[in-house]
Amino acid sequence: MAWVDSHCHLQLDDRDPAQLLARATEVDWVVVPGVDARSSLAALEMAGRFPDRVMATAGLHPHEASSWAEQEQEISQLALRAAAVGETGLDFYRNLAPPEDQLRSFEGHLRLAESLDKPVVIHCRDAFAEVYGILEREAIGSRAVLHCWTGGRRWTKRFLGLGCWFSFAGPLAFESGETIRLAAELVPPERALVETDTPYLAPPPHRHGLNEPAYVSLVGEVLARVWSLPIAWVASQTSKNAAAVFGR
Ligand SMILES: [Zn+2]
């Protein structure tokens with residue numbers, strides 16, 4: 001089995017990345033997303049250290065969006081060497097940055113992705129209508145990866161219409177994840193990715209511990225069950241999709 005973990009913050013984890021990668025024996029490669037300039041640089045350094053296993057992205061998390069003006073230049077430079085722009089997006093659930101700052105940063109990232117001709121990794125929490133409207137207006141849906149997708153059937157259908165990619169994480173496997181599983185039924189396997197979001201959101205049975213790339217198969221197995229498809233086939237298809245998105 002060869003999975004791709006399309007979103008894991010190995011650079012935000014205190015554990016040794018060499019060890020986490022070594023024990024992810026069924027994971028071919030991973031994407032390490034930046035959440036600010038510093039962690040984007042760390043992600044790029046990790047990709048340099050493990051070129052066979054790691055790709056990096058460069059961006060500013062919506063929680064940090066208020067510092068976009070200060071970090072834009074540095075992140076834009078780092079993005080030149082990255083596989084994608086992000087993670088960016090909108091989080092109107094935690095609202096750790098004011099919505100207008102989040103919107104400014106998100107739109108800046110989309111312009112950057114467009115100018116560099118790179119995909120964009122999007123965090124969308126309680127902001128489906130706003131993210132949808134912006135992606136539609138910018139006509140950038142087919143380069144957008146909706147990371148840790150938690151939308152229900154209605155939003156899933158609409159974002160599918162924009163040609164987006166859906167990356168499923170631990171919440172798909174949670175007992176409370178029925179809405180996400182029902183939505184996942186609608187996503188064609190050709191548009192789906194799997195991720196861990198390490199070190200957060202560990203899937204059961206590790207729910208209250210730290211997440212790691214090796215657990216990505218626990219997300220993929222649920223997707224296989226939802227689709228009634230063989231696990232090995234889902235691993236191969238989602239890995240192919242990740243390679244297509246991130247240009248590997
Ligand atoms: Zn993330």
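The values are calculated or read from the model by the stated rules, or taken from the named source; none is laboratory data. Since the model is a prediction, treat every value here as computed from it, not as a measurement. Here Cβ is always computed from backbone atoms with ideal geometry, including for glycine, and neighbour counts include all displayed protein chains.
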Inset, instruction - Filter region 161-179 for residues that are in a loop (DSSP other than H, G, I, E, B) and without any contact (Cβ under 8 Å) to a residue 60 or more places away in the chain and give the result. - result: Leu162, Gly163, Cys164, Phe174, Glu175, Ser176, Gly177
Legend entry - Single residue of region 134-162 satisfying the filter (loosely packed, with under 15 Cβ neighbours inside 10 Å and either under 16 Å from the mean Cα position of the chain (by Cα) or hydrophobic (A, V, I, L, M, F, W, C) (or both)) that is modelled with the highest pLDDT: Ser142
Legend entry - Residue ranges of strands (runs of 3 or more DSSP E) in region 52-157 with at least 1 members in contact with a Lys or Arg (Cβ under 6 Å, 6 or more places away or on another chain) and charged (D, E, K, R): 84-91
Legend entry - Considering residues of region 21-40 that are within 16 Å of the ligand (Cβ to nearest atom) and of a type in the set (A, V, I, L, M, F, W, C) only, the residue surrounded by the fewest Cβ atoms within 10 Å (Cβ to Cβ): Ala37
Inset, instruction - Return yes or no: is Trp165 farther than 14 Å from Phe128 by Cα, away from the ligand (no atom under 14 Å from the Cβ) and of a type in the set (Phe, Trp, Tyr)? - result: yes
Legend entry - First in region 131-160 and closer than 17 Å to Arg181 by Cβ, second anywhere and in a strand (DSSP E or B) and polar (S, T, N, Q), Cβ under 8 Å, 6 or more apart: Leu146/Ser167; Cys148/Ser167; Trp149/Ser167
Inset, instruction - Determine which member of the set Ala183, Ala202 is buried (at least 19 other Cβ atoms within 10 Å of the Cβ), in a helix (DSSP H, G or I) and touching a Gly at 6+ places or on another chain (Cβ under 7 Å). - result: Ala183
Inset, instruction - Go through (1) buried (at least 22 other Cβ atoms within 10 Å of the Cβ); (2) away from the ligand (no atom under 16 Å from the Cβ) one by one and return the number of the condition Ala18 breaks. - result: (1)
Inset, instruction - Take Val4 and decide whether it is over 23 Å from Arg111 (Cα atoms), touching a Leu at 6+ places or on another chain (Cβ under 9 Å), more than 12 Å from the ligand (Cβ to nearest atom) and not acidic (Asp, Glu). - result: yes
Legend entry - Of residues in region 60-116 being surrounded by fewer than 16 Cβ atoms within 10 Å (Cβ to Cβ) and of a type in the set (Asp, Glu), the one farthest from Phe246 (Cα to Cα): Glu100
Legend entry - In region 23-40, the residues that are more than 19 Å from Ala202 (Cβ to Cβ) and either assigned to a loop (DSSP other than H, G, I, E, B) or not hydroxyl-bearing (Ser, Thr, Tyr) (or both): Asp28, Trp29, Gly34, Asp36, Ala37, Arg38
Inset, instruction - Starting from region 29-46, take each residue that is farther than 8 Å from Gln11 by Cβ and list its partners that are surrounded by 21 or more Cβ atoms within 10 Å (Cβ to Cβ) and of a type in the set (Lys, Arg), counting only C-beta distances under 9 angstrom and pairs at least six apart or across chains. - result: Trp29/Arg53; Val30/Arg53
Inset, instruction - Specify which of the listed residues (Val131, Val121) is within 21 Å of Gly48 (Cα to Cα) and either hydrophobic (A, V, I, L, M, F, W, C) or away from the ligand (no atom under 16 Å from the Cβ) (or both). - result: Val121
